[in-house]
Amino acid sequence: MPANVTEFNQYAEAFSLGFTDVYEDELKLHQRTYKAFLREDTAKRWYDTDWVVSGLGSTPQKVVGGAIFTDRIIKGTQKQYALVPYALGCVVEWEAMKWDWYGIFEGLPNELAKSAVERYNIVGHSVLNNSFSAPSTDYKTFQSENMVSTSHTRLDGGTWSNRSSTDVGLSYLGLQQARIDFAKLVNERGRYAIIEPELLITSADQRWIAEEILKSNWRPDNANQNVNLEKGSLDLYTSPYLTTAQYWWLEGPKENIKIKMRLGENPKLTKDADVRTMSLVMSSYCSFGVAIFNTVGLWGSSGGA
């Protein structure tokens with residue numbers, strides 16, 4: 001190439017003025033709605049590993065003059081999480097961009113930003129969508145079990161449940177049974193976890209049912225004007241990203257549940273030019289991944305009668 005040539009890629013910014021600002025504005029405008037039920041944590045490494053140990057069991061009775069019973073802390077298995085990279089690119093020919101009379105390509109940063117946030121929401125809600133039947137170990141607990149199950153294995157050999165035994169549908173009485181089950185959640189040594197549910201989660205299809213339960217003055221399941229004990233008792237979250245209509249969940253404080261979204265590199269826009277064709281090249285890149293370890297504090301039902 002001859003010396004002192006002004007190259008197109010040296011002036012790529014001139015042909016995409018403000019694209020980065022628009023991209024960042026769109027990222028802020030479109031919400032990661034999964035944060036209503038799933039906490040986030042900034043990852044410091046590509047891989048992270050968690051492992052669990054149990055507490056002690058209940059204090060037993062001591063025989064007068066007898067030896068004190070001793071207990072031990074039980075070590076559990078480990079689980080490793082990895083970030084997942086996501087990227088989307090778009091190439092615009094120079095002539096198309098140059099002679100774009102209708103401003104079609106000015107919206108590309110918006111679209112790339114929307115696509116990034118869309119992927120965050122799809123992955124975030126996949127935690128609940130796959131909670132009853134895990135498609136891979138990524139969506140299983142450290143015991144290699146479904147997130148919501150009638151029979152989780154405890155480290156001390158016992159079991160615990162965070163799923164409706166009859167897969168009850170969302171209703172006033174169904175919610176009452178969920179509260180009973182929630183009150184009986186236990187830790188790895190069988191001690192009651194003492195976690196209060198705060199959030200009712202379900203699909204957009206069942207929003208009207210949930211609102212009727214949580215907002216009516218009277219019990220919605222009969223005409224006797226009995227006091228509705230559930231009125232205002234829980235926050236409600238519904239979303240079209242929750243893809244199975246009859247699924248519903250109760251959740252305690254999300255900060256205490258060992259499931260989260262690990263955030264790697266934030267979404268960023270990269271712009272360049274292909275010197276062979278003068279085409280504008282834009283790409284959006286980010287990395288993140290779910291980390292599911294233990295689900296004490298989450299209860300669910302896959303729906304039913």
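Observations on the model:
- Restricting attention to region 279-298, the residues that are in a strand (DSSP E or B), more than 22 Å from ALA113 (Cα to Cα) and not small (Gly, Ala, Ser) total 4.
- Of all residues in region 186-204, those satisfying the criterion of being crowded, with 21+ Cβ neighbours inside 10 Å and under 19 Å from ILE257 (Cα atoms) are GLU188, PRO197, LEU200, ILE201, THR202.
- Within region 31-54, the set of residues being hydrophobic (A, V, I, L, M, F, W, C) and not in a strand (DSSP E or B) comprises ALA36, PHE37, LEU38, ALA43, TRP46.
- Listed by position, the strands (runs of 3 or more DSSP E) inside region 206-278 whose residues that are surrounded by fewer than 17 Cβ atoms within 10 Å (Cβ to Cβ) number at least 3 are 268-274.
- Candidate set: region 24-67, residues that are under 21 Å from ARG262 (Cβ atoms) and of a type in the set (Gly, Ala, Ser); chosen: the one surrounded by the fewest Cβ atoms within 10 Å (Cβ to Cβ): ALA36
- Contacts under 8 angstrom Cβ, first residue in region 98-115 being farther than 13 Å from SER283 by Cα and among the hydrophobic types (A, V, I, L, M, F, W, C), partner modelled with pLDDT of 60 or more and in a helix (DSSP H, G or I), 6 or more apart: PHE105/ALA96; PHE105/MET97
- Only listed residue being touching a helix residue (DSSP H, G or I) at 6+ places or on another chain (Cβ under 8 Å) and either within 30 Å of SER54 (Cβ to Cβ) or at pLDDT below 95 (or both), chosen from ALA273, ALA305: ALA273
- Taking (1) crowded, with 20+ Cβ neighbours inside 10 Å; (2) within 14 Å of the chain's Cα centre (by Cα) in turn, TRP299 satisfies each apart from (2).
- Residue match in region 62-75 (condition: in contact (Cβ under 8 Å) with a residue 24 or more places away in the chain and either out of contact with any strand residue (DSSP E or B) (no Cβ under 7 Å at 6 or more places or on another chain) or farther than 30 Å from GLU111 by Cβ (or both)): yes
The values are calculated or read from the model by the stated rules, or taken from the named source; none is laboratory data. Keep in mind that this is a model prediction, so the values were computed, not measured. Please note: Cβ atoms are built from the backbone with ideal geometry, for glycine as well, and neighbour counts cover all protein chains shown.
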